[in-house]
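Below: one structure, written as structure tokens.
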Amino acid sequence: MAASETAPFGVSAASKGGGGVAGARAQHGQLAVAGRVHDALVFAAGAVAAVLVLLATASFLSPMPVTNLVAFRSLPVSVASTSAASAAIDADVGVRGGPGAAGRTFYDDSRVSYAVEVGRRGGITGWDARRAAWMRLRYPRGLNATAAGRERVVMVSGSQAPPCRGEGGDHLLLRFLKNKVDYCRLHGVELLYNNALLQPRMLAYWAKIPAVRAAMLAHPDAEWVWWVDADAVFTDMDFSLPLHKYKDHNLVVYGWNKEVYGERSWVGLNAGVFLIRNCQWSLDFMDSWARMGPASPEYARWGSVLHDTLRGKSDKESDDQSALVYLLSEHEEKWGAKTYLEKGYFFQGYWVEVVDRLDDIAARYEAAERRPSAAAAHLRRRHAEREHERYAAARNAAVRGAVPGPAGGGQSGWRRPFVTHFTGCQPCGGEPNKIYSKKSCADGMNRALNFADDQVLRNYGYRHKDPLSDEVRPLPFDYPAAR
């Protein structure tokens, strides 16, 4: 398989050439450079009910005519009366919306299509102006940001429609989805989980492009759309995207400038998690990206171009990651200048480098909270989940001097990794890459999911009995000072 990430929708595929670690990096798009390895309750009842209904059909690769597209919406404030509820809804969805809304918008233009139409001229034009006009009509007093004052973000993830072939694969997808639901609830991010194949020929890792594009049109109030592969785990529930850092950019991908622009290595970045601004530039970029995919009549030619152009690419398949490296390096002024290759924290960390360190990381965070200081004592106070972001900020300030490493984690230090990506484990397909054992993948996924879940369960007074256990135990008062 020439996948640029771990078949994000659970498709298993035959291994392609190369054994050992180097072969795995090439196969799964794990980032690598010479001399180092890149990273490449108590459940909330409502969330779990929604998750279970969603995954009853399981994960978006088969060209089956399904329409399983489910959104989880987080309203950042609570309301106490009917009038207050009405005011909150007006602030959130616009005072002039609804079926009888006055004024025509891009939604009323039959020429605007949600679909990726590869090979046809046209596409959406003037999107920035169209989106601004919609905002003026629906939010005449201005769009309220989230409760924390950040730009609105919609997370998009997905998996295949048919049941998983791998034993326990559907249960793992449920746990991966619960992890995303938890993170989004804590941070006021909207989640769209899709297992419909929106473009029948754009299978596997290419399927995310139509989903992201459709999300932009469906959510014109969102400034950013955030794609996260199904097999990626949020392992730091406190960390928030540093959106201010990307104010001059339209695309954020985990990668390295030297490998992409200097060496033109096909594993110079990883396309399994990316953040893209809702703007005309992004729509144009995704159109160019999709034209290198399997829905294009030029697909075979692009495979040869990528093989001949990119360092280390051994096959002639045009995959999404190779295509992304090519677009950025070949058109650096047009596309690369507005792309931020993030390496300052684990925007997505390679699971092999992460999971064996999680126990030590947890111990260091607990030690920081046990210190005999007023700040540590304040962190140990029990609190409502709605206060999470304030406690997260205080905890990050407290561990900054006690736990080395960058916020969001990295290859050095002991801070929690923001995202841990299980590239190569194929939880839905059931057959990991040959260099990983089923046990190492299963234990790694379970350990990372429990590590994240403990951060959520703490607000409910529980944690897992041990890092690999499904059982939970109650926490004592003043945890972790009292154990």
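If the requirement is being at pLDDT below 95, in a helix (DSSP H, G or I) and buried (at least 18 other Cβ atoms within 10 Å of the Cβ), which of these qualifies: Ala295, Ala368, Ala323? Reasoning before the result, please.
Values: Ala295 fails: in a helix (DSSP H, G or I); Ala323 fails: at pLDDT below 95.
Sole residue among the options that is at pLDDT below 95, in a helix (DSSP H, G or I) and buried (at least 18 other Cβ atoms within 10 Å of the Cβ): Ala368.
Taking only segment 268-280 into account, find how many residues are open to solvent by less than 10 Å² (accessible area, probe 1.4 Å) and assigned to a strand (DSSP E or B).
At the first step, the residues of segment 268-280 found to be open to solvent by less than 10 Å² (accessible area, probe 1.4 Å) are 268-276, 278.
Imposing the further condition that a residue be assigned to a strand (DSSP E or B) reduces the set to 269-276.
So the count comes out to 8.
Let's see how each residue does on (1) of a type outside the set (A, V, I, L, M, F, W, C); (2) within 24 Å of the chain's Cα centre (by Cα); (3) surrounded by 18 or more Cβ atoms within 10 Å (Cβ to Cβ):
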residue: Pro372; (1), (2), (3): yes, no, no
residue: Ala377; (1), (2), (3): no, no, no
residue: Arg381; (1), (2), (3): yes, no, no
residue: Glu387; (1), (2), (3): yes, yes, no
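For segment 130-160, enumerate the residues that are modelled with pLDDT of 80 or more, hydrophobic (A, V, I, L, M, F, W, C) and under 28 Å from the mean Cα position of the chain (by Cα).
If the condition is that a residue be modelled with pLDDT of 80 or more, hydrophobic (A, V, I, L, M, F, W, C) and under 28 Å from the mean Cα position of the chain (by Cα), then Ala132, Trp134, Met135, Val153, Val154, Met155, Val156 are the ones that fit.
Residues of segment 237-267 being over 29 Å from Gln160 (Cα atoms), touching a strand residue (DSSP E or B) at 6+ places or on another chain (Cβ under 8 Å) and part of a loop (DSSP other than H, G, I, E, B), which ones?
Correct list: His249, Trp256, Glu263, Arg264.
Being part of a loop (DSSP other than H, G, I, E, B) and open to solvent by 30 Å² or more (accessible area, probe 1.4 Å) is the filter here, so list the residues in segment 418-460 that pass it. It would help to see each step written out before you state the result.
If we filter segment 418-460 for residues that are part of a loop (DSSP other than H, G, I, E, B), which is where we start, we get 418, 422-437.
Within segment 418-460, Glu431, Lys434, Ile435, Ser437 meet the criteria.
Within segment 120-129, identify whether any single residue is modelled with pLDDT under 90 and surrounded by 22 or more Cβ atoms within 10 Å (Cβ to Cβ), and answer yes or no. Spell out the reasoning first.
Let us first name the residues in segment 120-129 that are modelled with pLDDT under 90, namely 120-124.
Going one step further and asking which of them are surrounded by 22 or more Cβ atoms within 10 Å (Cβ to Cβ), we end up with none.
No, because not a single residue in segment 120-129 is modelled with pLDDT under 90 and surrounded by 22 or more Cβ atoms within 10 Å (Cβ to Cβ).
Does Ser304 count as part of a helix (DSSP H, G or I) and more than 19 Å from Ile209 (Cβ to Cβ)?
On the way: part of a helix (DSSP H, G or I): yes; more than 19 Å from Ile209 (Cβ to Cβ): yes.
Against the criterion (part of a helix (DSSP H, G or I) and more than 19 Å from Ile209 (Cβ to Cβ)), Ser304 qualifies.
List pairs: first in segment 224-236 and outside any strand (DSSP E or B), second charged (D, E, K, R), Cβ under 9 Å, 6+ apart or cross-chain?
That search, which allows pairs on different chains as well, returns Asp229/Glu5; Asp229/Lys208; Ala230/Lys180; Asp231/Glu5; Thr235/Arg416; Asp236/Arg415; Asp236/Arg416.
Mind checking whether some residue in segment 408-417 is under 24 Å from Val267 (Cβ atoms) and assigned to a helix (DSSP H, G or I)?
no
Mind counting the residues in segment 244-255 that are out of contact with any helix residue (DSSP H, G or I) (no Cβ under 6 Å at 6 or more places or on another chain) and open to solvent by less than 20 Å² (accessible area, probe 1.4 Å)?
At the first step, the residues of segment 244-255 found to be out of contact with any helix residue (DSSP H, G or I) (no Cβ under 6 Å at 6 or more places or on another chain) are 244-248, 251, 253-255.
Next cut, open to solvent by less than 20 Å² (accessible area, probe 1.4 Å) only: 246, 251, 253-255.
So the count comes out to 5.
With the structure loaded, tell me whether Leu283 is under 27 Å from Thr420 (Cβ atoms) and either assigned by the TED database to the domain that holds Pro200 or surrounded by fewer than 23 Cβ atoms within 10 Å (Cβ to Cβ) (or both) or whether it fails that test. Even if it seems obvious, please write down each step before you answer.
Values: under 27 Å from Thr420 (Cβ atoms): no; either assigned by the TED database to the domain that holds Pro200 or surrounded by fewer than 23 Cβ atoms within 10 Å (Cβ to Cβ) (or both): yes.
For Leu283, the condition - under 27 Å from Thr420 (Cβ atoms) and either assigned by the TED database to the domain that holds Pro200 or surrounded by fewer than 23 Cβ atoms within 10 Å (Cβ to Cβ) (or both) - is not met.
Out of segment 289-298, which residues are more than 19 Å from Val156 (Cα to Cα) and either of a type in the set (Lys, Arg) or within 22 Å of the chain's Cα centre (by Cα) (or both)?
Here is the first cut: in segment 289-298, the residues more than 19 Å from Val156 (Cα to Cα) are 291-298.
The answer is Arg291, Gly293.
The values are calculated or read from the model by the stated rules, or taken from the named source; none is laboratory data. Small disclaimer: the values here were computed from a predicted structure and weren't measured. All Cβ positions, even for glycine, are placed from backbone atoms using ideal geometry, and neighbour counts span all protein chains on display. Protein only, heavy atoms only, side chains kept; ligands, DNA and RNA dropped before computing areas. Shrake-Rupley method; radii C 1.70, N 1.55, O 1.52, S 1.80 Å.
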